[in-house]
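The values are calculated or read from the model by the stated rules, or taken from the named source; none is laboratory data. Only a predicted model underlies this, so the values are computations on that prediction, with no experimental measurement involved. No Cβ is skipped: glycine too gets one built from the backbone with ideal geometry, and neighbour counts run over all protein chains shown. Ligands, DNA and RNA are excluded from the accessible area calculation, which covers all protein heavy atoms including side chains. Shrake-Rupley method; radii C 1.70, N 1.55, O 1.52, S 1.80 Å.
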Amino acid sequence: MWTTDFLNLFFPNLCQACDEPLVKHENILCLSCLYKLPKTNFHMHENNPISRIFWGRANIHAATSFLFFNKGGSVQKLIHQFKYKSKIETGRYLGELLGKDLLQSDLFNTIDVIIPVPLHKKKLHTRGFNQSDIIAEGIGKTMHVPAIMDTLIRTEFTETQTKKARYTRWENVKGKFGIQNPQTIEGKHILLVDDVLTTGATLEACAQTLLEVPNTKVSLATLAYAQV
Ligand SMILES: [Zn+2]
């Protein structure tokens, strides 16, 4: 449209990774940054570094992270913009890309519902949105699967959780999640979604909670994987 081109001349849309002006048909990322995304491609392999994190901890069907969290690189920047600068479109877009990849995998293409990891109420209040909800919406859009936000809930707030070691953290998150309306997920293949995977303690606790509902199968996917 003429008006859009005209406006872009003065207020160009910038690539969220490299800040170069986007050209026609580019959205969120320029083509160069899109092709350079450090994809893990773990979704194509049952046995991968993400699924191994959960061995002996939770009975996960399949697990993957979309991108490597390259410190100081494009993924860190994109996730920072999304979470702390409220660039919600960026998060949804990355979720859509992840959903496209998951559809190509026999491990994930039987997903029935998507469930985001719920955010602490206090954090939700400060940030104004749950980043995992946005990613879940993006994945759901490309996979044509509903994202359900009110089934898995947090039952308690834990303080300074990120500063603690893995085992302390597990104690901390244990019993902190609950299920509402279990009939919405009974007998379903659930995709549990979070933004960045580190120790997996929160995802493990969420998966355990979901698996308490009869006949559920739980897989998980995160936008990025930060090796610890
Ligand atoms: Zn770019």
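Every condition in (1) more than 25 Å from L152 (Cβ to Cβ); (2) in contact with a helix residue (DSSP H, G or I) (Cβ under 8 Å, 6 or more places away or on another chain); (3) hydrophobic (A, V, I, L, M, F, W, C) holds for F54 except the one numbered (1). Within segment 68-109, the set of residues being within 14 Å of C33 (Cβ to Cβ) and not in a helix (DSSP H, G or I) comprises N70, G73. Filtering segment 28-56 to residues that are within 16 Å of the ligand (Cβ to nearest atom) and surrounded by fewer than 14 Cβ atoms within 10 Å (Cβ to Cβ) leaves L31, S32, Y35. Restricting attention to segment 179-228, the residues that are among the small types (G, A, S) and either assigned to a loop (DSSP other than H, G, I, E, B) or over 17 Å from A147 (Cα atoms) (or both) total 6.
The number of residues in segment 19-42 being assigned to a helix (DSSP H, G or I), more than 12 Å from Y225 (Cβ to Cβ) and in contact (Cβ under 8 Å) with a residue 12 or more places away in the chain comes to 3. Taken together, T126, T90, T110 contain a single residue that is out of contact with any Cys (no Cβ under 7 Å at 6 or more places or on another chain), surrounded by fewer than 18 Cβ atoms within 10 Å (Cβ to Cβ), modelled with pLDDT of 95 or more and hydroxyl-bearing (S, T, Y), which is T110.
In segment 133-154 there is at least one residue matching the filter, namely being farther than 20 Å from G56 by Cβ, open to solvent by 50 Å² or more (accessible area, probe 1.4 Å), acidic (D, E) and at pLDDT 95 or above.
Within segment 189-207, the set of residues being surrounded by fewer than 20 Cβ atoms within 10 Å (Cβ to Cβ) and modelled with pLDDT of 95 or more comprises H189, V196. Residues that are within 16 Å of the ligand (Cβ to nearest atom) and surrounded by 14 or more Cβ atoms within 10 Å (Cβ to Cβ) occur in segment 57-69; there is at least one.
Which pairs do you get when a residue that is free of Cβ contacts under 8 Å to residues at least 40 places away in the same chain, found in segment 187-205, comes within reach of a residue that is part of a strand (DSSP E or B) and surrounded by fewer than 19 Cβ atoms within 10 Å (Cβ to Cβ), reach meaning Cβ atoms under 7 angstrom, with the pair 6+ apart or on two chains? Taking only residues 6 or more apart or on different chains, not a single pair turns up. Checking each residue in segment 131-146 for being among the hydrophobic types (A, V, I, L, M, F, W, C) and within 11 Å of L94 (Cα to Cα) picks out I134, I135, A136, I139.
For every residue, the table says whether it meets (1) under 11 Å from the mean Cα position of the chain (by Cα); (2) over 17 Å from T216 (Cβ atoms).
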position: I114; (1), (2): yes, no
position: L119; (1), (2): no, yes
position: K122; (1), (2): no, yes
position: Q131; (1), (2): yes, yes
position: A136; (1), (2): yes, no
position: I139; (1), (2): yes, yes
position: M143; (1), (2): no, yes
position: I148; (1), (2): no, no
position: T151; (1), (2): no, no
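May I ask you to list the residues in segment 70-84 that are over 16 Å from C18 (Cβ atoms) and open to solvent by 60 Å² or more (accessible area, probe 1.4 Å)? Correct list: K71, Y84.
In this structure, E20 does not qualify as open to solvent by 30 Å² or more (accessible area, probe 1.4 Å), within 22 Å of T199 (Cα to Cα) and over 18 Å from the mean Cα position of the chain (by Cα).
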